[in-house]
Amino acid sequence: MGHEGRAHALLSASGAHRWLSCTPSALLEAQFPDTASEAAREGTLAHELAELKLRNYFFTIDFGKQKFTRAVNKLKKEALWQDEMMDYTEEYLDYVKTAALGFESLPYAAVEKRVDFGSYVPDGFGTADCILIGSGILKVIDFKYGKSPEGRVEAEGNPQMALYALGAYEAYKLLYPIQTIRMAIVQPRLKDGISEWECSLTELLTFGRYVKERAELAIKGEGEFRPGDKTCRYCRARGQCRARADENIKLAFDTERKPPLITNEEMGEYLRQGKDVARWLSDLEELALKECLAGHTVPGFKAVEGRSVRGWTDMEKAFALLTEKGIPEAVLYERKPLSLAQVEKAVGKKEFESFVGGMVIRMPGKPTLVEESDKRPAVTN
């Protein structure tokens, strides 16, 4: 089955960061459809390519060059295909190769393995991108195709990775002795996009007991709502969740403290506490617009047509007619160079680096405010 068609558990590993913290959210968001964005569909396509490369590497006899080439050519016909996917998935493949060669002897390898962690989470299952086992070590590797620095995912303490590790341990504990758990997240589109973490089996099983307690609450919709920036960001109920609305109204309109001037400490506190307010208002506006367009009433608001944009019914025919009427082509066409990123995409990452990589300089990015936990070094004036 393709990646996009796979089933998802109610208490999914990918949503564990949310339902572990805000246990009632799992049943609440189950009322809303799970729609995938274009970026998510693009990531799914890249995952399918990455899977093909790993299968060709680990299982060459069953999935040789001809099968691999046919499968890749089929993916290239997809609307969201981009040639740069070949380079980024190659970086992922290189990481997995290096990880496998780092074992004392050739490890057991599983690619896109469905793992069952139902012993800890009711009906819990997920799909691990790559599992390597050998020399008492269980290594779980996850490929992520996102490119936003805000979307950087760390392996340390990551509940999704830990649930995959628990599922893999349950599946293979009778076949292989396992004492050490290693987890890695590979995000090749980000600078320094590799994150790794190691823990003992005892630590993993301790986490498993904690998960079991939280999951028992989540599956029944019990426990406390804990709205927050990271918790609510991808929750499907985020637009209508009352707990989130109450929390953000409280933060946005808190009038209890009115100091003449706020301190830097207070500034940091307000920024941290109010981080979700703007995102919540945006989600609320999006939901209200959908309701109005569906013919429902949102008191005080309505949907109207925005600024219209003109377009050609047939640009080529229009330009041909203008040329025929004596308008020079120089008036109709603007010649300008592609951006550096566009050139790299058109030429190919490896060729670009080989031909003109030495002529590229990296300009300092515009200063931006992030939380202290961000891995990038701090800058000043």
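What follows draws every value from the coordinates through simple rules; no lab data is involved. Since the structure is predicted, the reported quantities are computational estimates derived from the model, not experimental observations. Note that each Cβ is placed from the backbone with ideal geometry, even for glycine, and that neighbours are counted across all protein chains shown.
Here are a few things to note about the model shown:
- Ratio of the Cα radius of gyration of the range 1-123 to 2.2 N^0.38 Å, where N counts its residues: 1.27
- The chain: translational diffusion in µm²/s, Stokes-Einstein, Kirkwood Rh over Cα pairs, 4 °C, 1.567 mPa s: 52
- Overall form of the range 53-130 per C-alpha gyration tensor (a/c, 1.5; a/b vs b/c): oblate
- Model label points for LYS65 and LEU369, set 7 angstrom from Cα along the Cα-to-Cβ axis, are 5.7 nm apart.
- Cα gyration tensor category, rounded, prolate or oblate, for the range 140-252 with a/c compared to 1.5: oblate
- All-pairs Cα distance distribution in the range 3-218, expressed in whole percent, bin size 10 Å: 8, 32, 37, 20, 3
- The range 224-319 gives an Rg/Rh value of 1.19, both radii derived from C-alpha positions and Rh following Kirkwood.
- LEU293 paired with MET359, simple spin-label distance in nm, labels 7 Å along Cα-to-beta-carbon: 4.5
- Reduced Cα scattering model of the range 135-181, Debye log10 I(q)/I(0), q = 0.19, 0.33 Å⁻¹: -0.66, -1.28
- The chain: most fluctuating residue of ASN248, ASN264, ASN158 per GNM, C-alpha cutoff 10 Å: ASN264
- When the inverse distances between all different Cα atoms of the range 238-381 are averaged and flipped, the Kirkwood radius reads 22.5 angstrom.
- With the largest listed first and rounded to whole Å, the semi-axes of the equivalent ellipsoid of the range 332-381 from the Cα gyration tensor are 31, 17, 11.
- Applying both filters, DSSP loop and at most 16 other Cβ atoms within 10 Å, to the trypsin sites (Lys or Arg not before Pro) of the range 282-359 gives LYS302, ARG307, ARG310, LYS325, ARG335.
- Two-site label geometry, GLN31 and ALA320: point separation in nm, points 7 Å out along Cα→Cβ: 5.7
- Only alpha carbons enter this Debye calculation for the range 318-358, each as an equal point scatterer, and the log10 of I(q)/I(0) it gives at q = 0.13, 0.35 Å⁻¹ is -0.49, -1.10.
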